[in-house]
Amino acid sequence: MIAACSIAGSDSGGGAGIQADLKTFTAIGVWGLTVVTAVTAQNTREVRGSWMLPAEAVAAQIAAVCDDFSIGAFKTGMLGTREIVRTVAERLPEGIPLVVDPVMISTSGHRLLDEAAVLDLARFLIPRADVVTPNIPEAEALTGMAILSLDDMAEAGRRIIDLGAAAVVVKGGHGAGDGVTDMLVDAAGTVRLSGRRYPYAVHGSGCCFAAALAAYLARGMPLREAFASARSFVDGAIAAAAGESGSLRIVNPGG
Ligand code: PLP
């Protein structure tokens, strides 16, 4: 069975981080591997505390999984510190699809990446990424832009590609309006996918999306198809949690 590996933090509440990634990998039919970077004490309401692992422990976990498994994709989430960002960038093997979810601050306001580490992420890890999956505040932090429109999302995506990423998905969940539009930007242009904005707070949807993208890439799907499948997976998961059916709508396929 092909494996996907999540390099991320533990969420004791099971809604985000390593736990969300493993559940997503299992649902999509890939074997889930984990490299734990941090332990957080959290529930659906708040992050009460977080403790980083030493970079050495992160490097040892990467070596252990790489020495034994057939890994189809890596996904990074909460990396916490400059040391861990640099260690991951140095130790990840070449030639395996990499999804970088540039996790910075939780919805409840807890910092999950030191401010000083944002530059290291841009300098060392993003250039190695096949796809980077920022939400709007993360895309703003990476580009220095204020993102107010779909055109701004596309421009932010292009600027993150200029940092060295092959492609970017800017997630629109933090925007306004009834719908949520996510935008893929790659060398060929942009693809937008829109769905419903559900009328309640969801926690861990970003982790779940990036993990689904990694799982579909691990299964050999091309990126644009993996984007649509991952978007649909998260939309379906949120809808199922509320006992409703999904609402994915493609705005401009291949545009
Ligand atoms: N906790 C951990 C360990 C995470 O990795 C993340 C997101 O990546 C979060 C919390 C934040 O999740 P949310 O912003 O959806 O609450």
Checking understanding here: applying a Kyte-Doolittle mean of at least 0.0 and a length along the axis of at least 20 Å (C-alpha), which whole DSSP H helices in the chain pass? 223-241
Once the Cβ-Cβ distance between GLU90 and ALA242 is put in as r, and R0 is 35 Å, what FRET efficiency do you end up with, to the nearest 0.05? 0.25
Please return the longest range in the chain lying between exposed loop sites, taking GluC sites (Glu not before Pro), DSSP loop only, at most 15 other beta-carbon atoms within 10 Å, and leaving the sites out. 116-243
Which order do the peptides 141-152, 18-29 take when ranked by the mean count of other beta-carbon atoms within 10 Å per residue, highest first? 18-29, 141-152
When Rg is the radius of gyration of the Cα atoms in the stretch 1-119 and Rh is its Kirkwood radius, what does Rg/Rh come to? 0.95
Estimated [θ] at 222 nm from DSSP helical runs (n ≥ 4, -39500 (n - 2.57)) normalised by residues in the chain, nearest 500: -11000 deg cm²/dmol
Counting all Cα-Cα pairs in the stretch 104-194, those more than 23 Å apart amount in percent to 19
Mean 1/r over all different Cα pairs, inverted: what Kirkwood radius does the chain give, in Å? 17.8
Determine the sum of side-chain charges near PHE209: Lys and Arg each +1, Asp and Glu each -1, restricted to other residues whose C-beta is under 14 angstrom from that of PHE209. -1
When DSSP assigns beta bridges and you keep just the ones with both residues in the stretch 3-250, what percent turn out antiparallel, to the nearest 5? 45
Quick one: net charge of VAL30's neighbours, Cβ under 15 Å, K/R +1, D/E -1? +2
ARG219 versus SER70, label points 7 Å from Cα toward the beta carbon: distance in nm? 1.6
Answer in debye to the nearest 20: the dipole magnitude of the stretch 3-250 about its Cα centre, from +1 Lys/Arg and -1 Asp/Glu charges placed on Cβ, is 380
Over the stretch 49-135, what is the relative contact order in whole percent, taking alpha-carbon pairs under 8 Å and six or more residues apart? 32
Can you quote the Å³ per residue value for the convex hull of the Cα atoms in the stretch 117-255, rounded to an integer? 107
Per GNM of the chain with C-alpha springs under 10 angstrom, the most fluctuating residue out of PRO93, PRO199, PRO102 is PRO199
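Values quoted throughout were computed directly from the atomic coordinates according to the rules given, and no laboratory measurement underlies them. All values reported here derive from a predicted model rather than from experimental measurement. All Cβ positions, even for glycine, are placed from backbone atoms using ideal geometry, and neighbour counts span all protein chains on display.
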